Every structure is written in structure tokens, then in C-alpha cells.
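Data block below; observations after.
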Amino acid sequence: MAKKSKNNYFWASYADLMTSLFFVMLVLYIFTFYLLNAQKEGFKADAKRFQEIQKVEESVKKLEETEYFHYNEENKVLLMTKPINFGKDSDLIPNSNKDYLRDVGNEVSALINDLSLQLDSDYNFVVLIEGTASKDKAGDDHNYLLSYRRAYSLFKLWKKLGIDFGDNTQLLIAGSGIRGTFREKKEEENQRFLIQILPKISAKNE
């Protein structure tokens, strides 16, 4: 009888073990299935976002089809077809350039409005005005402030003209002094500002 009880105990323990293993495998299966689906959805979201960012870049490039810009592929910057070069140590925009810069602002505004209608997600945009300066003996502090004031002069002009980029656009003003990433060989041609249009990576609804 004792031997029979021992066998019964063994088989009962074996059954409990197998039941426990079954539940462990079931939990692992469900957890793995959940992770794979979450990863799959993440890949889909990333692919969609990448496509939308590509759409922004392609649309920005289309500005070069207008009379106001040409696009520098290597440095990803918009260069105005009509150079706006400031005088040495000056941040004043010549009156003769103001109508042209008004049209430039309207083109950028129209592009952003068009992109806002095209994209599936509520993307934000950044319009960066980067002022630059030519190399001289004035020092970094002077050139950084001067280049910032040049960018700010364009901001003030657009604001005065009532050019609006919409609530989903952040307008940034920056001065890179003599240390910008894209510079002309002739130093006097660096007395200017550059414009960049960038999508923010995260959408409003996230």
C-alpha cells in the first residue's frame, strides 16, 4: 500500500509540474505575441513618420522651382536666389530688398500651409532664420551678436508685413557668427542669413 501511495504522489506531482509548465509557456507565448505585435506597430509608425518627413523634405526642395530659392543638397539649406548681403557691421536690410523678402516669406508660409493639409498627422514645423557674419578682428562676441541681429531684422520685417506661418510653426532666430556649417569662400558673402524649414519629429497628438 505504501508503494502505491508513493506512486500516486509521484504522478500527482508530475501532473502539477506539467500544468505549471503549461501555464508558464502560455504566459510566455502571450507575452511574446504582444511584444511582436507592439514591435510591428512601432515599425509601421516609424515607416509612416519617415515617409512624412521625406514628404516635407521633397516639398521644401520644390521651393527651388520658384524664383526665390535654390536648394543646397549637401547642406540641406535654402539659399535665396537674390543674395541679401549686409554691409560690414550692419544689420539693416536695404529698402530695395524688402519687397523680395516679403515674397520669400509668403512662399514659405504657403509651403507650410500646404504641408499641414497634406500630412496625416498634426506635425509642427520649425522655420529657422540663421544669421551669419564674415571673419574679422572684432571677435566672437561681436560677430555672434551681429549675426543674430541680422536674423532678427528679417523676423521684424516679416512681422511688420503681417506674414504668419500658423500656430503649428515655431519661428527660431539664431546667429552663428563665423562658425556656421555652410559658408561661402568669399567672406563678404557670409554677411547674410539662411532659412531652414524643419519638421518636428513628434506629432501634436502624441
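Derivation of every value follows stated rules applied to the coordinates shown; laboratory data play no part. On a predicted model such as this, the values are computed, not experimentally measured, just so you know. Every residue, glycine among them, receives a Cβ derived from its backbone with ideal geometry; neighbour counts consider all protein chains shown.
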Quick check on my filter: what residues within the stretch 160-187 are surrounded by 15 or more Cβ atoms within 10 Å (Cβ to Cβ) and among the polar types (S, T, N, Q)? Asn168, Thr169, Ser176
Can you pull out the residues in the stretch 69-103 that are farther than 16 Å from Ile197 by Cβ, touching a helix residue (DSSP H, G or I) at 6+ places or on another chain (Cβ under 7 Å) and aromatic (Phe, Trp, Tyr)? Phe86
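Whether any residue in the stretch 158-177 is among the charged types (D, E, K, R), more than 22 Å from Glu74 (Cβ to Cβ), free of Cβ contacts under 8 Å to residues at least 24 places away in the same chain and in a loop (DSSP other than H, G, I, E, B) is what I want to check. Reasoning before the result, please.
First, pick out the residues of the stretch 158-177 that are among the charged types (D, E, K, R): 159-160, 164, 167.
This time we only want the ones that are more than 22 Å from Glu74 (Cβ to Cβ), so: 159-160, 164, 167.
Among the residues that remain, those that are also free of Cβ contacts under 8 Å to residues at least 24 places away in the same chain are: 159-160, 167.
Then keep just the ones that are in a loop (DSSP other than H, G, I, E, B); that gives 167.
Yes - at least one qualifying residue is present in the stretch 158-177.
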List pairs: first in the stretch 81-92 and touching a residue at least 12 places away in the same chain (Cβ under 8 Å), second of a type in the set (Asp, Glu), Cβ under 7 Å, 6+ apart or cross-chain? Thr81/Glu67; Pro83/Glu189; Asn85/Glu188; Asn85/Glu189
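Suppose we keep only residues that are among the hydroxyl-bearing types (Ser, Thr, Tyr) and within 15 Å of Lys82 (Cα to Cα) within the stretch 96-118. Which one would you say is surrounded by the most Cβ atoms within 10 Å (Cβ to Cβ)? Talk me through it step by step, then tell me what you get.
Restricting attention to the stretch 96-118, the residues satisfying the condition of being among the hydroxyl-bearing types (Ser, Thr, Tyr) are 96, 100, 109, 116.
Subset that is within 15 Å of Lys82 (Cα to Cα): 96, 100.
Numbers: Ser96: 7, Tyr100: 16.
Going through the qualifying residues, I end up with Tyr100.
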